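Q: Sharing a structure here in structure tokens format.
Laboratory data are not the source of any read-out in this text; all were calculated from the coordinates shown. This structure is a prediction, so every number in the text was calculated from the model and none was measured. Cβ placement follows ideal geometry from the backbone for every residue including glycine, while neighbour counts extend to all protein chains displayed.
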């Protein structure tokens, strides 16, 4: 499964409830990664790790449950950088990751070590070990992803998404093997531009998907033409000309065989089918564990129809 954080992490949690977690590999976006207060932070990888370990804050939608903020409060009092919210429990992961990266370990090795420490059976892989960063060009200037998304609350309309470092980015160890030795490829209900886009921007990953011999099924992050959370719908409207299921399918042209869409978007099924993509209509709101699993099962069932 290709995944960002947020909705992708929640969907992945439903997936490992529906199938043996040991048979699941998640290839995760690293375009959101950043350095904060000297620490290496990988928000989407952490969201996936926390979700699978049952540590996520379900109400807030990001970070760890039962979080406290004493360290950040001290940073703010001392005039330090406090715009990016790092909780006390969250800091432990960043400290361990930063120490290992500075010692020369690649991100994929560090991620595997963290996953093992959390007792996860699924394989979690960063898309690449090389630095790859998402930038947004807007009418108000160019911003790296986190400054646009967090510091500026993603209020700036986006004219272009680009990825610094992508020319040198190679798939992390295990990524191409996972895409080759597989029965199904899933694309999570994540933002196609800033969550899945950085993964597909790695040339050898996209080429592997284009040459796949197994079905590829995407899950829409839209419900009634709106994103459950985040800027996906606004970005689709500006960059693709509309926020329908068909516009989403266009983002994955040549890559997907089926698209799981919400019942509220059922009227788009014919437009999706005209693109050569089979629409699968179901309820996609992941309101609880049961809904997450049912959505994962719907995506798995789409394989027989793709």
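Q: Which one, 79, 237, 165, has the greatest fluctuation when you compute a Gaussian network model over the chain with C-alpha springs under 10 angstrom?
A: Checking each option, the largest mean-square fluctuation is seen for 79.
Q: Most mobile of 64, 287, 97 per a Gaussian network model of the chain (Cα springs, under 10 Å)?
A: Greatest mean-square fluctuation among the candidates belongs to 287.
Q: Can you give me the Cα centroid spacing of the range 37-53 and the range 243-288 in angstrom?
A: Value for the Cα centre distance between the two parts: 29 Å.
Q: Next up: What do the square roots of 5 times the Cα gyration tensor eigenvalues come to for the range 54-127, in whole Å, largest first, as semi-axes of the equivalent ellipsoid?
A: Square roots of five times the eigenvalues give 25, 18, 9 Å.
Q: Follow-up question, since we're still on this one. Got the relative contact order for the chain handy, in percent, Cα pairs under 8 Å and 6 or more residues apart?
A: Value for the chain: 19 percent.
Q: Return 190, 207 ranked ascending by Cβ neighbour count within 10 Å, so the fewest neighbours appear first.
A: With the fewest neighbours first, 190, 207 line up as 207, 190.
Q: Nearest 5 percent is fine: what portion of the DSSP beta bridges confined to the range 185-306 is antiparallel?
A: 15
Q: The range 121-211: percent of C-alpha pairs farther apart than 16 Å?
A: 59
Q: May I pose another question? Which of these, 292, 160, 13, has the largest mean-square fluctuation under a Gaussian network model of the chain (Cα springs below 10 Å)?
A: In the Gaussian network model the winner is 160.
Q: Let me ask something additional. Taking a label point 7 Å from the Cα of residue 88 along the Cα→Cβ vector, which residues of the range 25-56 have an amide N closer than 19 Å to it?
A: Residues 55-56 qualify, since their backbone N sits under 19 Å from the label point.
Q: Report for the chain the percent antiparallel among DSSP-assigned beta bridges with both residues inside it, nearest 5.
A: 45
Q: Need the full-extension length gain, residue 153 to residue 102, defined as separation in residues times 0.36 nm minus the C-alpha distance. One decimal, nm.
A: In short, 15.3 nm is gained.
Q: Could you calculate the FRET efficiency of residue 167 with residue 116 from 1/(1 + (r/R0)^6), where r is the beta carbon distance between them and R0 is 30 Å, rounded to 0.05?
A: 0.40
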